[in-house]
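The values are calculated or read from the model by the stated rules, or taken from the named source; none is laboratory data. Not measured: the values here are computed from a predicted model. A quick note on method: Cβ atoms are made from the backbone with ideal geometry, for glycine too, and the neighbour counts reach across all protein chains shown. Protein only, heavy atoms only, side chains kept; ligands, DNA and RNA dropped before computing areas. Shrake-Rupley method; radii C 1.70, N 1.55, O 1.52, S 1.80 Å.
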Amino acid sequence: SMGGEGGDMPVLVVANSNVKHSLGDSEYPVRVQQCKDATSILSNVNQSIQSLRDATMEDIETASSTAVLEGVLLQRARHVVSENKRTVETANALERGDWATVGKLMNESHASMKDDYEVSCPEIDVLVELAQSYKGVYGSRLTGGGFGGCTVTLVKRDCAQGLIDHLNKEYMAKTGKKCDCFETEPG
C-alpha cells in the first residue's frame, strides 16, 4: 500500500531549465569510454565483473583502497554503482510509501551526477538547490541526459503550486532565464 490516504501522496514537479549545453554531445561518448575503462580495471580485481552493474560499492572501495582505480575513473564507476544501488533502494521505499527516503535518495543521486559523473550544469544546479531548500520538498534531481534539460522534484501536494511560483521567480532572478514547470502524479 502507498503510505496512508491518497491525500498524503506527493506529486512530482518537473522544471525545464530551457538550456541545452552542447557539451553533452561531446561528453556522452567520453562517459561511455570512461565506464568501459573502469570496468576493465574492476574485472582485474574481481573476475565476475563483466559490466559496472555487476560491481558493488565494496568492489569500488577495494579497487580504490589499492589505488588500481582512482581519479576520474573512480568517480565515474562510483556514480554508476551507487546509482544502481539507489535505484533499488528507491523502488523499495516507493513500495512502503516512504517519501522521506525517496527524497533523500533523489538528493544523493543529484549530488552523484553533479560531482562524480559531472553531467549537471549551473542552471540545473540552481533549480535543484531552489527546490531542495523549499518547504514540503522531499527531494530534487536532474533527470535525463544532463547538461541542461529538466529537474524532477518530489513535493507535498499542497506545496506544489508554491514551489512552482518560487522556481519561476528565483530561477529568472538567478539566471535571467524562464523555467517551465508542470505538476504530475508519480506513476
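Counting pairs of alpha carbon atoms under 8 Å apart in space and at least six apart in sequence, what relative contact order in percent does segment 1-86 give? Show your work: numbers first, answer last.
On the way: 55 pairs, mean separation 21.8, N = 86.
Averaging sequence separation for qualifying contacts and normalising by length gives 25 percent for segment 1-86.
Would you tally the net charge around K20, using a Cβ to Cβ cut-off of less than 13 Å, leaving K20 out, and scoring K and R as +1, D and E as -1?
With Lys, Arg at +1 and Asp, Glu at -1, the neighbours total -2.
Taking 8 Å as the Cα distance limit and 6 or more residues as the minimum spacing, I'd like the relative contact order of the chain as a percentage.
It rounds to 34 percent for the chain.
Ratio of segment 124-187's C-alpha Rg to 2.2 N^0.38 Å, to two decimals? Each step should come with its number before you reach the end.
Details: Rg = 11.0 Å, N = 64, 2.2 N^0.38 = 10.7 Å.
With N residues counted in segment 124-187, Rg over 2.2 N^0.38 Å equals 1.03.
So what's the net charge close to P186: Lys and Arg +1, Asp and Glu -1, counting the other residues with Cβ under 15 Å from its Cβ?
Once positives and negatives cancel, what remains is -1.
For n ≥ 4 DSSP H runs only, could you compute -39500 (n - 2.57) per run for the chain, divide by its residues and tell me the 222 nm figure to the nearest 500?
-18500 deg cm²/dmol
Please state the relative contact order of segment 104-187 as a whole percent: Cα pairs under 8 Å, 6+ residues apart?
24
Evaluate the distance, in nm, between pseudo-label points positioned 7 Å from the Cα of K36 and of Q50 along their respective Cα→Cβ axes.
About 1.7 nm, to one decimal.
Summarise the long-distance tail of P(r) for the chain by giving the % of C-alpha pairs beyond 25 Å.
Working: 7223 of 17391 pairs.
Value for the chain (Cα pairs over 25 Å): 42 percent.
Is there a pair in K20/K178; K85/K135; K36/K104 whose C-alpha atoms are over 23 Å apart, and which pairs would that be?
K85/K135; K36/K104
How much of the accessible area of the chain, probe 1.4 Å, is carbon plus sulfur, in whole percent?
Carbon and sulfur: 53 percent of the exposed surface of the chain.
Let me check I've understood the local charge: for K114, count other residues with C-beta under 15 angstrom from its C-beta, Lys and Arg +1, Asp and Glu -1. What total comes out?
-4
Excluding ligands, DNA and RNA, what is the solvent-accessible area per residue of the chain at a probe of 1.4 Å, expressed in Å²?
51
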